[in-house]
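**Student:** Just dropping this structure here.
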Amino acid sequence: MRKYALPVVGVLVAVPLALLTILWLAIEDRPRTDRKVILTPEHVGRAKAIIDTHRHRASPGMLAVARVRPADADLAANYLASRLGNGSAQVAVADRSAIIRLSLPMTSTALPAINGYLNLEGTLLQTDGLPALRSVRIGKLPLPDAFTELIALRVEDWLRRDSEYWAGFDALRQIRISRDELVVVYRWIDAFPHDMKASMVDEHERGRLLSYQSLLAANSTRNGGVGSLATILSQLARGTSPAQSAGDAMADNRAMILVATFHVLGISLEKLLPEAARWPHPPPQKITLDGRDDFAKHFMVSAAIAAYADTALADAIGLYKEIDDSRYGSGFSFNDIAADRAGTKFGEKAVASEDSARDLRGQMASEIEDRDLMPEWKDLPEYLSEAEFKRRFTEIDSPAYRAVMQKIEHRVADLRILR
């Protein structure tokens, strides 16, 4: 038996040492990619243009093409890394290839020694189909291409077994890469499979949405054809007991905001969750904020984006809408921006922390009024054409523009419900 003891001991020592060496090579003290996410109205406009092109030109079953600027792909990657992993990403595009860099923080209270950053880098090479991943490095640890291919095959097998994700992945046909643009060729399907839609909302979230939808349907019948946003939100906030909210007030607030937003926009929750077709349906209502239904829409859309995504995205979308209106619609309106900013701050406070979420619910349940949600707006410039906006304010971020925005920010900060 002694002749086997030494090899066994050697294996027992070598395996942990090998794992520690791999961790030491893979995890680093600092991120190699560290970038802020900066969203502008121009970014929102270009994303909307891609979506509009698909809506107008793509039909079920046909091959369609989406053209994406390298800078926008870089921004999207960095935004997703920030939102999903609190990290940073970078996409550097060349002809027929793109280098992707990703840095994610790793924290572990159980194993403090592995705290640090996971820095990944890889190259996507253009092929006749989807790009091939090559030259992958995790920290100081290079991965053989054969190992990378094996992992990619396992991921593809996993996707094939899950129809919810495979439908979307299988729609992709080719990605062509150049310094000027990324060309994504895809076969469009008419809609997401129902089970894919349902998977976006977990069981607990569906229960919350059903609860608020049922409450909204009951109250809307009593409220009639026109309703105040403050009244709607107060009724929803009072509909859940403190004991229920204490478990996860942030999740409760998200569900409440989402139900209210769909109702204000006049959109059925079936668009998000097919099973909602069997839920109680509130009758159509015109919901107003300080007497205007456009303010209610601006407020709730911004609140929902801030609660489910982030403040930067809500601000960029709100500002893009006003710039677009100045060119093609009713005109640039600072009072719409005031509604956007109030809604964004509302959504931000709703999910900032459990204490913040409970405080907001308590205030909403205590008979709030429209003036608690919408700042004073009647002296703010509105309906400005693009030419009039340039005459009075020159451009976004000019001193004159910043002065009005500062006034709006002060007024929003003074709203009782946000203090």
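The values are calculated or read from the model by the stated rules, or taken from the named source; none is laboratory data. It should be emphasised that the depicted structure is a prediction, and the values quoted were computed from it without experimental measurement. So basically every Cβ, Gly included, is an ideal-geometry build from the backbone, and we count neighbours across all protein chains shown. These area figures cover heavy atoms from the full protein model, side chains too; ligands, DNA and RNA do not enter into them. Shrake-Rupley method; radii C 1.70, N 1.55, O 1.52, S 1.80 Å.
**Student:** Contour minus end-to-end for residue 62 and residue 294, with contour as 0.36 nm per residue of separation and end-to-end as the Cα-Cα distance?
**Tutor:** 79.8 nm
**Student:** Taking the Cβ-Cβ separation of residue 214 and residue 367 as r and a Förster radius of 30 Å, what is the calculated FRET efficiency to the nearest 0.05?
**Tutor:** Numbers: r = 22 Å, r/R0 = 0.73.
Efficiency, from the Cβ-Cβ distance: 0.85.
**Student:** Computed FRET efficiency, Cβ-Cβ of residue 48 and residue 174, R0 25 Å: what is it to the nearest 0.05?
**Tutor:** After rounding, the FRET efficiency stands at 0.55.
**Student:** Same structure, new question: Taking a 1.4 Å probe, which of 264, 226, 301 shows the most accessible area, and what order do the others take after it?
**Tutor:** On the way: 264 10, 226 95, 301 50 Å².
The most accessible residue leads, giving 226, 301, 264.
**Student:** Please compute the modelled spin-label separation between residue 134 and residue 416, points set 7 Å along Cα→Cβ, answer in nm with one decimal.
**Tutor:** 6.6
**Student:** Out of the GluC sites (Glu not before Pro) in the range 324-419, which ones are loop residues according to DSSP with at most 13 other C-beta atoms within 10 Å?
**Tutor:** Sparse-neighbourhood loop GluC sites (Glu not before Pro): 367, 395.
**Student:** What spacing in nm lies between the two simple spin-label points modelled at residue 32 and residue 203, each 7 Å away from Cα in the Cβ direction?
**Tutor:** In this crude spin-label approximation the distance works out to 4.2 nm.
**Student:** With Cβ to Cβ distances under 9 Å as the rule, what net charge do the other residues near residue 89 carry (K, R +1; D, E -1)?
**Tutor:** +1
**Student:** Greater than 18 Å separation of Cα atoms is the criterion. Which listed pairs, 271/345; 297/345; 378/407; 36/390; 286/349, meet it?
**Tutor:** On the way: 271/345 26 Å; 297/345 15 Å; 378/407 13 Å; 36/390 29 Å; 286/349 26 Å.
Exceeds cut-off: 271/345; 36/390; 286/349.
**Student:** In Å³ and rounded to a whole number, note down the convex hull volume per residue for the Cα atoms of the range 315-419.
**Tutor:** Normalising the Cα hull of the range 315-419 by residue number yields 98 Å³.
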